[in-house]
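A quick write-up on the structure given underneath.
The values are calculated or read from the model by the stated rules, or taken from the named source; none is laboratory data. If you're wondering where the values come from, they're calculated on a predicted model, not measured in any experiment. Neighbour counts run over all protein chains shown; Cβ positions are idealised from the backbone, glycine included.
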Amino acid sequence: MKRIFVMPALLCAAMAWGQKKDYAIQAVPFTQVKLTDNFWLPRIETNRTVTIPASFERCESTGRVNNFVMAAKRSGKFATKYPFDDTDVYKTIEGASFSLAVHPDPKLDKYLDSIIAIIAAAQEADGYLYTTRTIDPVQPHPWAGKERWERERELSHELYNAGHLYEAAAAHYQATNKKNLLNIALKNADLVCSVFGPGKRSVAPGHEIVEMGLVKLYRITGKPEYLSTAKFFVEARGQYKGYDPKSNDPWKNGSYWQDNKPVVLQDEAEGHAVRAGYLYSAVADVAALTGDDSLLNAIDKIWANMVQKKLYVQGGVGAKGDGERYGSNYELPNATAYNETCASVANVYWNYRMFLLHGDSKYVDVLERTLYNGLISGIGLDGKSFFYTNPMQITGNFKHTDVEHTRSGWFECSCCPTNLARFIPSIPGYMYAQKDDNLFVNLFIAGSASLKMKNTPVQLVQQNSYPWNGNLEFIITPEKATAFNLAIRIPGWARQVAVPFDLYHFTNPAPKAVTIKVNGQPLDYDMKQGYAVINRTWKKDDKVEMELPMDVQRILANEKVSDDIGKTALQRGPIVYCAEWTDNNGKTSNLILPANTNITSQFVPDLLNGVTVLKAEVPAVVIKNNSIETVRQTLTAIPYYSWANRGKGEMTVWFPSQVTDIRLLTQ
Ligand code: FUB
Ligand code: ZN
């Protein structure tokens with residue numbers, strides 16, 4: 001059944017009250033996009049049928065739901081490990097709501113209502129909602145502090161819980177038009193706005209997200225306090241006087257929380273990577289909604305630093321396990337790469353907002369790199385096994401125990417699985433965007449979108465087998481002939497730009513320019529900010545064809561990345577590759593990839609749910625008759641996202657180009 005997305009009355013009211021400033025570009029909501037493709041649609045279906053039910057089941061079996069039940073009774077003993085475990089329930093509700101918005105399911109709808117009733121009962125009379133304190137106000141979780149909010153800056157996560165509640169409530173309201181969760185969120189937000197603000201209490205929230213959540217509530221209600229409090233929280237950073245600015249310790253100097261300087265003076269992606277990504281997303285939101293250029297300038301500088309010096313080749317961020325945080329510039333080790341899955345989700349949120357601010361495809365290039373690689377590597381093909389960390393190399397001694405070597409069903413700190421559950425159904429919302437007469441096509445996923453250009457309903461159908469094949473087809477059908485610009489992203493990787501700036505570059509010769517045909521006729525097009533812009537009066541069934549070069553690209557890293565010196569990574573289309581032990585004689589740390597190696601690609605339908613694999617004949621270092629030799633061997637590389645679905649063993653992303661050293665390890 002096709003469901004028409006009805007804009008809820010409150011949202012219409014907010015728009016009627018006239019939000020004056022906003023993002024220059026507006027996303028086409030995922031509810032207006034229907035996928036038919038073989039890559040994302042099965043993942044979204046698995047999320048709906050496996051991940052979300054498993055997530056609710058785990059929220060129940062681990063005691064997360066029971067925490068709310070006990071809070072409702074105002075008695076019991078907080079049953080789980082962290083004070084932010086409430087958010088796993090909220091995030092799963094958010095994912096389930098997104099899923100409901102495009103896939104009506106009365107049983108799920110009813111189940112959500114039953115969980116929401118429990119949450120409502122756990123809320124205190126003035127709107128406070130934080131189960132560990134409500135269950136036992138005298139002895140809450142040690143991180144919570146004796147009084148409300150007193151440990152918010154460092155540990156309590158009270159506002160983090162609130163932020164995830166708001167995000168879930170916004171999604172649930174928009175999906176169902178019901179206010180049961182929204183009213184809980186608004187009551188809590190009203191409390192937060194009454195406690196924090198100029199002349200009231202001040203804090204830089206210890207784990208950002210309340211800012212983004214408040215912005216969502218502002219968009220729904222139009223209530224100015226929600227936006228001004230979000231801005232207040234952004235501006236509260238860098239005000240705390242208790243840090244030691246001379247210390248190199250991020251907890252002592254405040255950089256762990258992005259609290260060492262006011263945001264407008266920050267120019268480096270620093271500290272805990274998930275917190276950072278949520279802060280930078282909120283800064284973009286607040287800059288867009290208030291027109292504050294100083295915030296915009298700061299966020300531009302921080303983004304440039306992240307892309308130029310702190311981004312892994314598979315789009316992950318947050319190199320260090322110690323504090324789950326960004327490392328120093330160019331500190332991108334492989335074996336200990338932390339790359340929390342939540343940090344990839346946050347990186348997508350942030351990059352998309354940067355695109356909405358600036359309209360440049362370079363932000364979507366980074367988003368695509370993260371989305372197709374370091375983000376979905378976080379979830380197993382079964383939809384219910386996860387990586388919290390996403391390392392870049394596993395060696396046979398499994399020495400680095402702060403990163404994972406195999407997937408798990410759930411974690412004591414289960415932020416990543418539930419973040420995936422909420423993010424995956426929203427993916428079609430990153431495909432299209434509009435500004436005036438411009439329609440942006442950002443992601444290439446088969447399916448159809450319904451939107452309006454100059455008030456005329458338009459249907460845009462994509463047909464392709466992306467990311468495996470570069471032949472793309474777009475069929476545009478306006479209800480009546482209508483002139484507008486179709487701006488199709490030509491990915492950086494198709495224009496010899498591995499990433500904006502020089503952290504990575506391709507070594508292959510530049511591919512031919514991408515050709516575009518309209519109704520079979522080759523077309524001269526203008527490039528603007530990374531988009532091929534086609535300006536014409538579109539009429540029914542106009543067809544645009546485009547072929548992106550799918551050559552296998554060799555990538556070299558900037559020489560300042562010490563762990564990648566002399567090494568090569570492989571990419572084809574948007575997909576970054578790795579070699580896994582199971583396809584390579586049980587080992588990958590012995591594979592050499594000389595510069596001139598011929599590499600072939602082949603789609604294998606029955607491997608890992610259908611992937612294009614790369615193959616090359618390469619030297620491999622082996623021990624034979626007590627001596628070290630190199631033998632010729634076939635290197636088989638699979639998409640990075642698909643590793644660790646077939647058991648535990650070695651994995652390599654960056655291959656040395658020659659043998660430079662042999663180290664004998666003692667056990
Ligand atoms: O602190 C809440 C979440 O738990 C963070 O985002 C994750 O990094 C994990 O520490
Ligand atoms: Zn996480």
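Among the candidates K216, K200, K223, K187, which residue alone is at pLDDT 95 or above and out of contact with any helix residue (DSSP H, G or I) (no Cβ under 8 Å at 6 or more places or on another chain)? Steps first, please.
Values: K216 fails: out of contact with any helix residue (DSSP H, G or I) (no Cβ under 8 Å at 6 or more places or on another chain); K200 fails: out of contact with any helix residue (DSSP H, G or I) (no Cβ under 8 Å at 6 or more places or on another chain); K223 fails: out of contact with any helix residue (DSSP H, G or I) (no Cβ under 8 Å at 6 or more places or on another chain).
Being at pLDDT 95 or above and out of contact with any helix residue (DSSP H, G or I) (no Cβ under 8 Å at 6 or more places or on another chain) holds for just one of K216, K200, K223, K187, which is K187.
State whether one or more residues within region 127-135 are in contact with a helix residue (DSSP H, G or I) (Cβ under 7 Å, 6 or more places away or on another chain), of a type outside the set (S, T, Y) and within 20 Å of I220 (Cα to Cα).
yes
Here are the criteria: (1) over 15 Å from the mean Cα position of the chain (by Cα); (2) more than 16 Å from ligand 2 (Cβ to nearest atom); (3) over 16 Å from A269 (Cβ atoms). Tell me which single one F355 does not satisfy.
Failed condition: (1).
Could you give every pair whose Cβ atoms fall below 8 Å, whose first residue belongs to region 249-275 and is over 22 Å from L311 (Cα atoms), and whose second residue is at pLDDT below 95 and away from ligand 1 (no atom under 15 Å from the Cβ), counting only separations of at least 6 or pairs across chains?
Short answer, once both residue conditions are applied: none.
Take the conditions within 28 Å of S377 (Cα to Cα) and buried (at least 24 other Cβ atoms within 10 Å of the Cβ) and apply them to A304. Does it pass? Show your work before the answer.
Details: within 28 Å of S377 (Cα to Cα): yes; buried (at least 24 other Cβ atoms within 10 Å of the Cβ): no.
Criteria not met by A304.
So which residues in region 622-662 are of a type in the set (F, W, Y) and in a strand (DSSP E or B)? Write out each step before concluding.
Taking region 622-662 and keeping what is of a type in the set (F, W, Y), we get 640-641, 643, 654-655.
Residue satisfying the conditions is F655 alone.
Is it the case that region 433-441 has a residue that's of a type in the set (D, E) and more than 16 Å from ligand 2 (Cβ to nearest atom)?
Taking region 433-441 as the starting set, the residues that turn out to be of a type in the set (D, E) are 436-437.
The next check asks that each one be more than 16 Å from ligand 2 (Cβ to nearest atom); those that pass are 436-437.
Scanning region 433-441, I find at least one residue that is of a type in the set (D, E) and more than 16 Å from ligand 2 (Cβ to nearest atom), so the answer is yes.
Does G378 satisfy being within 15 Å of ligand 2 (Cβ to nearest atom) and over 15 Å from the mean Cα position of the chain (by Cα)? Write out each step before concluding.
On the way: within 15 Å of ligand 2 (Cβ to nearest atom): yes; over 15 Å from the mean Cα position of the chain (by Cα): no.
Spelling it out, it is not the case that G378 is within 15 Å of ligand 2 (Cβ to nearest atom) and over 15 Å from the mean Cα position of the chain (by Cα).
Kindly indicate whether any position in region 608-618 is in contact with a strand residue (DSSP E or B) (Cβ under 6 Å, 6 or more places away or on another chain) and farther than 30 Å from D382 by Cα. I'd like the intermediate steps shown before the answer.
If we filter region 608-618 for residues that are in contact with a strand residue (DSSP E or B) (Cβ under 6 Å, 6 or more places away or on another chain), which is where we start, we get 611-618.
In the following step, the residues that additionally are farther than 30 Å from D382 by Cα were identified as 617-618.
Looking through region 608-618, at least one residue is in contact with a strand residue (DSSP E or B) (Cβ under 6 Å, 6 or more places away or on another chain) and farther than 30 Å from D382 by Cα.
Mind listing whichever residues of region 513-522 are touching a residue at least 12 places away in the same chain (Cβ under 8 Å) and surrounded by fewer than 16 Cβ atoms within 10 Å (Cβ to Cβ)?
We begin by selecting, within region 513-522, every residue touching a residue at least 12 places away in the same chain (Cβ under 8 Å); these are 514-520.
Answer for region 513-522, where residues must be touching a residue at least 12 places away in the same chain (Cβ under 8 Å) and surrounded by fewer than 16 Cβ atoms within 10 Å (Cβ to Cβ): T515, K517, N519, G520.
Out of all the residues in region 265-280, which are within 13 Å of ligand 1 (Cβ to nearest atom) and closer than 19 Å to Y352 by Cβ? Before the answer, list the steps.
So the first thing to find is which residues in region 265-280 are within 13 Å of ligand 1 (Cβ to nearest atom), and the list is 271-279.
If the condition is that a residue be within 13 Å of ligand 1 (Cβ to nearest atom) and closer than 19 Å to Y352 by Cβ, then A273, V274, R275, A276, G277, Y278, L279 are the ones that fit.
Out of curiosity, is E147 acidic (D, E) and surrounded by 18 or more Cβ atoms within 10 Å (Cβ to Cβ)?
Working: acidic (D, E): yes; surrounded by 18 or more Cβ atoms within 10 Å (Cβ to Cβ): no.
For E147, the condition - acidic (D, E) and surrounded by 18 or more Cβ atoms within 10 Å (Cβ to Cβ) - is not met.
So that you can scan it fast, the table gives a plain yes or no per residue for (1) farther than 18 Å from E94 by Cβ; (2) within 14 Å of ligand 2 (Cβ to nearest atom); (3) without any contact (Cβ under 8 Å) to a residue 12 or more places away in the chain:
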position	(1), (2), (3)
T370	yes, no, no
F387	yes, yes, no
M392	yes, no, no
H400	yes, no, no
H405	yes, no, no
G409	yes, no, no
S414	no, yes, no
P417	no, yes, no
A421	no, yes, no
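Look through T401, T477 and report the one residue that is more than 16 Å from ligand 1 (Cβ to nearest atom) and either buried (at least 18 other Cβ atoms within 10 Å of the Cβ) or over 27 Å from E324 (Cα atoms) (or both).
On the way: T401 fails: either buried (at least 18 other Cβ atoms within 10 Å of the Cβ) or over 27 Å from E324 (Cα atoms) (or both).
Unique residue meeting the criteria: T477.
Please work out which residue is surrounded by the fewest Cβ atoms within 10 Å (Cβ to Cβ), limiting yourself to region 405-435 and to residues that are assigned to a loop (DSSP other than H, G, I, E, B) and within 16 Å of ligand 1 (Cβ to nearest atom).
Within region 405-435, the subset assigned to a loop (DSSP other than H, G, I, E, B) is 405-407, 409-414, 431.
Add one more test, that the residue is within 16 Å of ligand 1 (Cβ to nearest atom), and what stays is 410-414.
On the way: W410: 20, F411: 15, E412: 9, C413: 14, S414: 26.
If we take residues in region 405-435 being assigned to a loop (DSSP other than H, G, I, E, B) and within 16 Å of ligand 1 (Cβ to nearest atom), then E412 is surrounded by the fewest Cβ atoms within 10 Å (Cβ to Cβ).
Name the single residue, out of those in region 526-581 being touching a helix residue (DSSP H, G or I) at 6+ places or on another chain (Cβ under 7 Å) and assigned to a strand (DSSP E or B), that is surrounded by the most Cβ atoms within 10 Å (Cβ to Cβ).
Per the stated criteria, the residue is Y577.
Any residue at all in region 244-256 that is surrounded by fewer than 18 Cβ atoms within 10 Å (Cβ to Cβ), modelled with pLDDT of 95 or more, closer than 21 Å to V195 by Cα and within 28 Å of the chain's Cα centre (by Cα)?
For region 244-256, residues surrounded by fewer than 18 Cβ atoms within 10 Å (Cβ to Cβ), modelled with pLDDT of 95 or more, closer than 21 Å to V195 by Cα and within 28 Å of the chain's Cα centre (by Cα): absent.
So which of T588, T612 ends up being hydroxyl-bearing (S, T, Y) and in a strand (DSSP E or B)? Quick ask: steps written out before the conclusion?
Values: T588 fails: in a strand (DSSP E or B).
Within the list T588, T612, the selection yields T612.
Regarding region 341-350, can at least one residue be identified that is farther than 19 Å from T652 by Cα, more than 16 Å from ligand 1 (Cβ to nearest atom) and in a helix (DSSP H, G or I)?
Applying the first criterion (farther than 19 Å from T652 by Cα) to region 341-350 yields 342-350.
Then drop every residue that is not more than 16 Å from ligand 1 (Cβ to nearest atom), which leaves none.
Checked region 341-350: no residue is farther than 19 Å from T652 by Cα, more than 16 Å from ligand 1 (Cβ to nearest atom) and in a helix (DSSP H, G or I).
On the basis of being modelled with pLDDT of 95 or more and away from ligand 2 (no atom under 16 Å from the Cβ), does A276 make the cut?
Numbers: modelled with pLDDT of 95 or more: yes; away from ligand 2 (no atom under 16 Å from the Cβ): no.
When the stated conditions are applied, A276 does not pass them.
Taking region 642-651 only, how many residues are in contact with a Lys or Arg (Cβ under 9 Å, 6 or more places away or on another chain) and not hydrophobic (A, V, I, L, M, F, W, C)? Break it down into steps so the answer makes sense when it comes.
Quick first cut of region 642-651, residues in contact with a Lys or Arg (Cβ under 9 Å, 6 or more places away or on another chain) only: 644-645, 649-650.
Subset that is not hydrophobic (A, V, I, L, M, F, W, C): 645, 649-650.
Looking only at that region, the number is 3.
Looking at region 523-566, which of its residues are free of Cβ contacts under 8 Å to residues at least 40 places away in the same chain and under 29 Å from Q434 (Cβ atoms)? I'd like the intermediate steps shown before the answer.
First, the residues of region 523-566 that are free of Cβ contacts under 8 Å to residues at least 40 places away in the same chain: 523-527, 559, 565.
Selection gives L523, D524, Y525, D526, M527.
Search region 152-179 for residues that are in the same structural domain as F196 (by TED's automatic domain parsing) and pair each with any residue that is acidic (D, E) and within 16 Å of ligand 2 (Cβ to nearest atom) when their beta-carbon atoms are under 6 Å apart and the residues are at least 6 apart or on different chains.
From residues that are in the same structural domain as F196 (by TED's automatic domain parsing), the pairs are N161/D86; E167/E94; A168/E94; A171/E94.
Is region 525-532 home to any residue that is under 23 Å from the mean Cα position of the chain (by Cα) and over 24 Å from S465 (Cα atoms)?
There is at least one residue in region 525-532 that is under 23 Å from the mean Cα position of the chain (by Cα) and over 24 Å from S465 (Cα atoms).
Please specify each residue of region 612-628 satisfying the condition of being of a type outside the set (A, V, I, L, M, F, W, C) and either at pLDDT 95 or above or closer than 25 Å to Y466 by Cβ (or both). It would help to see each step written out before you state the result.
Within region 612-628, the subset of a type outside the set (A, V, I, L, M, F, W, C) is 612, 615, 617, 619, 624-627.
Across region 612-628, the qualifying residues are T612, K615, E617, P619.
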